[in-house]
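Participant: The structure follows.
The values are calculated or read from the model by the stated rules, or taken from the named source; none is laboratory data. On a predicted model such as this, the values are computed, not experimentally measured, just so you know. For neighbour counting, all protein chains shown are included, and Cβ atoms are generated from backbone atoms with ideal geometry for every residue, glycine included. Side chains included, ligands, DNA and RNA excluded: accessible areas come from the protein's heavy atoms. Shrake-Rupley method; radii C 1.70, N 1.55, O 1.52, S 1.80 Å.
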Amino acid sequence: MFEKLEKFDQELFLKLNGLHTDWLDFPMVLFTTPLFWLPIYAILFYFIYKKFRTAKSIALVVVGLLMTIACADMMSTRVFKKQVKRYR
């Protein structure tokens with residue numbers, strides 16, 4: 001059963017990768033640029049500031065968000081990626 005799933009996954013990846021949608025090249029490059037996300041981070045920080053007015057509360061929320069992102073990133077790269085071993 002795992003072999004069928006792996007074969008399906010590989011065929012789907014190759015089919016989607018083989019579509020060569022030129023119009024998606026620019027948005028994908030743009031989305032992977034860190035500066036593209038800066039305004040979204042600024043808006044998020046603004047809403048955090050509006051909700052939590054004190055510096056201590058803001059710092060706790062920001063540290064909590066950074067820890068959550070770091071843990072999710074570590075889990076995805078160190079645990080799931082090594083276990084799943086998908087084709088690239």
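Participant: Residue by residue through segment 65-77, which ³J(HN,Hα) values in whole Hz follow from phi under the Karplus form 6.51 cos²θ - 1.76 cosθ + 1.60 (θ = phi - 60°), with glycine and proline marked x?
Facilitator: For segment 65-77, the Karplus-derived couplings read 5, 5, 5, 5, 5, 5, 5, 5, 5, 5, 4, 5, 8 Hz, x marking Gly and Pro.
Participant: Compute the distance in nm between two label points, each set 7 Å from the Cα along the Cα-to-Cβ direction, one at GLN83 and one at ILE43.
Facilitator: My value for the distance between the label points is 3.4 nm.
Participant: Starting from 0 in steps of 5 Å, tell me what percent of the Cα-Cα pairs of segment 5-52 lands in each bin.
Facilitator: Over segment 5-52, the share of Cα pairs per 5 Å bin runs 5, 17, 12, 13, 12, 12, 10, 9, 7, 4 percent.
Participant: What's the carbon and sulfur percent of the chain's accessible surface, probe 1.4 angstrom, rounded to a whole number?
Facilitator: Values: 6090 of 8450 Å².
The C+S portion of the solvent-accessible surface of the chain is 72 percent.
Participant: Now, a different point. At a probe radius of 1.4 Å, what is the per-residue accessible area of MET28, in Å² to the nearest 10?
Facilitator: For MET28, solvent-accessible area is about 100 Å².
Participant: How much length is gained on full extension from PHE2 to PHE36, taking 0.36 nm per residue of separation minus their Cα-Cα distance? Display every interim value, and only then the final one.
Facilitator: On the way: separation 34, 0.36 × 34 = 12.24 nm, distance 3.86 nm.
In short, 8.4 nm is gained.
Participant: Quantify how much of the Cα-Cα distance distribution of the chain extends past 18 Å, in percent. Numbers along the way, then the final one.
Facilitator: Working: 2635 of 3828 pairs.
The calculated P(r) of the chain puts 69 percent of pairs beyond 18 Å.
Participant: With only Lys, Arg, Asp and Glu charged, each at its Cβ (+1 for the first two, -1 for the last two), find how big the charge dipole of segment 3-59 is about the Cα centre; round to the nearest 20 debye.
Facilitator: Details: 7 positive and 6 negative charges, 151 e Å.
Dipole magnitude for segment 3-59 comes out near 720 debye.
Participant: Name the lysines eligible as straight-distance cross-link partners of LYS7: C-alpha to C-alpha under 22 Å, and not fewer than 8 places from it in the same chain.
Facilitator: Hits, sequence-local ones excluded: LYS15, LYS81, LYS82, LYS85.
Participant: Whole number in Å², please: accessible area per residue of the chain, 1.4 Å probe, ligands, DNA and RNA not counted.
Facilitator: Working: 8450 Å² over 88 residues.
Computed with neighbouring chains in place, this is 96 Å² per residue.
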